[in-house]
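Data first, discussion second: the structure below is written as structure tokens.
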Amino acid sequence: MSGEAPLILLVEDEPQMRRFLRVALEGSGYRYGEAATGQEGLAMAVQLRPEAILLDLGLPDMDGLELVRRLREWSQTPVIVISARGQETDKVAALDAGADDYLTKPFGTRELLARIRVALRHAGPEAAEEPVFELDRWRVDLAKRQVLVEGQEVHLTPLEYSLFTTLIRHAGRVVTHRQLLKEVWGGAAGAQPLYLRVYMTQLRHKLEEEPSRPKYLQTEPGVGYRLRVED
């Protein structure tokens with residue numbers, strides 16, 4: 001990638017907008033990729049490893065907010081939302097979901113290019129991340145949401161998966177009860193450390209060789225949990 005122009009991925013279902021942005025981006029020296037649906041956008045993000053993503057919210061197969069959340073499970077690539085939804089609540093929801101910036105249609109080319117330059121500066125050279133996490137018997141494809149133990153797929157419930165991938169994102173570090181409750185349950189009223197104990201027990205039974213003596217999904221008494229990654 002060294003010396004190559006940044007690659008911008010556009011996820012947009014309107015052909016006219018794709019043509020307009022292709023001309024603008026390639027004319028400004030960027031490499032370019034495009035997708036017309038959310039699922040295609042996820043696949044292209046894995047395949048192309050773009051330096052930044054332009055994302056429309058009104059996609060035919062999923063809401064753009066869901067796509068942002070899916071991306072944030074494994075990638076910190078800058079996401080700039082480009083949408084006709086101009087209400088403050090829409091902007092706040094997109095930023096809370098993990099987007100880096102929000103541009104309301106219609107917009108000028110110069111402003112878009114300026115937003116891209118800012119996003120690329122803030123991202124630095126390590127924005128693209130490997131969407132596969134491997135540890136001992138485990139292989140987790142974060143883009144596909146697939147968990148394998150010794151080559152066999154293991155089914156995790158949505159909350160189990162969210163808890164597991166949160167620990168993966170912070171691998172090697174202690175994650176407090178409060179942080180886990182916020183990231184997994186979104187600060188839902190009534191969420192409490194008891195939930196963490198229940199779901200951590202379920203995860204250990206599905207993933208650890210000896211659930212009663214976990215090697216990797218470790219408890220930090222009175223503080224939280226840690227995914228142990230060192231030998």
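Read-outs: derived from the displayed coordinates by stated rules, not from any lab. The structure presented is a predicted model; accordingly, all values stated were derived computationally and were not measured. Because the Cβ atoms are built from the backbone with ideal geometry, glycine has one as well, and the counts that use them run over all protein chains shown.
A Cβ-based charge dipole, computed about the Cα centre of the chain with Lys and Arg at +1 and Asp and Glu at -1, lands at about 460 debye. Within a straight-line Cα-Cα reach of under 22 Å, residue 206 can be paired with the following lysines, leaving aside sequence neighbours fewer than 8 residues apart in one chain: 144, 215. When the charge dipole of the chain is built from unit charges on Cβ atoms (+1 for Lys and Arg, -1 for Asp and Glu) and taken about the Cα centre, the candidate among 202, 62, 224 whose Cα reaches farthest toward its positive end is 224. Here the chain has an Rg and Dmax of 19.5, 59 Å, counting Cα atoms alone. Between residue 145 and residue 179, the simple label model (points 7 Å from Cα in the Cβ direction) yields a spacing of 2.4 nm. Structure remark: mean-square fluctuation, Gaussian network model of the chain, C-alpha springs under 10 Å; the largest value among 22, 139, 121 belongs to 121.
Highest mobility in the GNM of the chain, judged by mean-square fluctuation with C-alpha springs under 10 Å and restricted to 165, 176, 37, is found for 176.
With R₀ fixed at 45 Å, the C-beta to C-beta distance from residue 47 to residue 194 puts the FRET efficiency at about 0.60. Classify the range 132-227 from the C-alpha gyration tensor, please: rounded if a/c falls under 1.5, else prolate or oblate depending on whether a/b exceeds b/c. Prolate, since a/c reaches 1.5 and a/b exceeds b/c. Of all the options 210, 73, 160, the one that moves most in a Gaussian network model of the chain with Cα springs shorter than 10 angstrom is 210. Beyond 15 Å, the tail of the calculated P(r) for the range 7-90 holds 53 percent of the Cα pairs.
Computed from point charges on the beta carbon alone (+1 for Lys and Arg, -1 for Asp and Glu), the dipole magnitude for the range 132-227 about its Cα centre is near 300 Debye.
May I ask you to list the lysines whose Cα is less than 27 Å away from that of residue 105, ignoring any residue fewer than eight positions away on the same chain? Counting by Cα, and skipping residues close in sequence, residue 105 has these lysines nearby: 91.
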